[in-house]
Structures are given as structure tokens and as C-alpha cells.
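Report on the structure given below.
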């Protein structure tokens, strides 16, 4: 069976689109970067092209691309410091595979529109994302201080004074010291005000934020 010119165009377009999105991920130091995105896009295009040639049961090949990419994306997501990271890169992997499928199926118009939306989301919405984070951030605070009655309640009232809402989690007393952990929500400005005051509090022996 001949490898027609259109197949070369499909694979070249997959390489180009996957490479451009991968370059953005590589620039920001993400787990799935330049070569990974190329392999995902080109591989998805190849599977879709093979599926189209086989026909019939070959449709299952294209359908299973989604399942395979799901496993790959799950390996990118990880937990660090009580935060889940890698979700954007995992979603990008999933979207790039969709681009590859569109190109492999010869749907160039859909692929171009999808590429524009994906690229725009990664490049143009970074500033908006940072602005949203300024309005509300979730941080984990750990305070070590001298044990006194109602010591932890004192800091929870302090969080409220700074315009923050807190949820106390683990607490521990070691000798004359008490350790408190909180999940604290609020604006970046209020967090900075609270952190500054705690860093200058002589009663706080250790502060992690």
C-alpha cells in the first residue's frame, strides 16, 4: 500500500503543531515538553491514519487512543506540598492527542481551530490566571510556639483579623511547645500581611507558609 503525499502532510502538520505546543511546555520546564508533545501528536495521527485504512474494527484503534493518553496523563500528575501539580500539562497532552487525531483524519480545519484555542489558552491566559490567584489563594501554615492555654485559638482569631479563613488540621504538643497546622484561604494581599506579622512575632519559634 502506497504512502501517499497527503499522509506526509498529515504527519508534518502533527510534528509542527505538537512541536510548537511542546516548546511552550519545555520553556516553562514542564514534565511533558518538546519531544514528548511531538511523539503524542504524531503517534495519535498515525493511529488514526491506520484506523482509517483498516476500517471496520479499526475504528476501535482511534477510540482507544483516548484511553491510552489518559494513562499517560495520569503519570504526569503528582502531589507536592499538599498541592496537586501537573494538571495543566496532563490536559495539554490530552488536547494534543486530539489534534493528532484530527490531522490523522484529514480534518485540517478543526485541527487549526483547536491549535489556536490550545495555544491561546497556554500563552494568553497566564496573566488572567495569576490575577485570579491574587483574589484567593490556599496556603498551608505551620506555627511552632510556646504552649499556653488557647494558644492555637489565638492564631485563628489573628487569621480572621487579617481577612483570612482557616481550617485547623493536625496539632501536636512536644514538651513546652505546641505545633499547629492550618489550611488558610484568602487574597494574596491578606496572606502577605499575615505572613509579615507572624515573621515578626517574637513568640513564634518556627513558621512555615
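Read-outs throughout are calculated quantities, based only on the coordinates presented, and are distinct from any laboratory measurement. Just so we're clear, the structure is a prediction, and the values are computed from it rather than from any experiment. Cβ: placed from backbone, ideal geometry, glycine included. Neighbour counts: every protein chain shown.
At-a-glance table
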item	result
Debye equation applied to the C-alpha atoms of segment 125-208, log10 I(q)/I(0) at 0.14, 0.16, 0.19 Å⁻¹	-0.48, -0.61, -0.81
Added length on full extension, which subtracts the Cα-Cα distance from 0.36 nm per residue, residue 23 to residue 67	13.4 nm
Debye intensity ratio in log₁₀ form over the Cα atoms of segment 5-124, taken at each q of 0.17 Å⁻¹	-0.79
Rounded tilt (10° steps) of 108-124 against the dominant C-alpha axis of the chain	20
Footprinting exposure proxy for 54, 174 (fewest neighbouring C-beta atoms within 10 Å first)	174, 54
Cα pair distances in segment 170-209, grouped into 10 Å bins until the bin that holds the longest one, percent each	24, 51, 23, 3
Cut-off 16 Å (backbone N to label point 7 Å along Cα→Cβ of residue 125), residues of segment 24-45	25
Separation of alpha-carbon centers, segment 9-38 and segment 89-121, rounded to whole Å	11
Where N is the number of residues in the chain, Cα Rg divided by 2.2 N^0.38 Å	1.49
Kirkwood estimate for segment 88-160, i.e. one over the average of 1/r between Cα atoms, Å	16.5
Cβ-Cβ FRET estimate between residue 137 and residue 16, R0 fixed at 30 Å, reported to 0.05	0.20
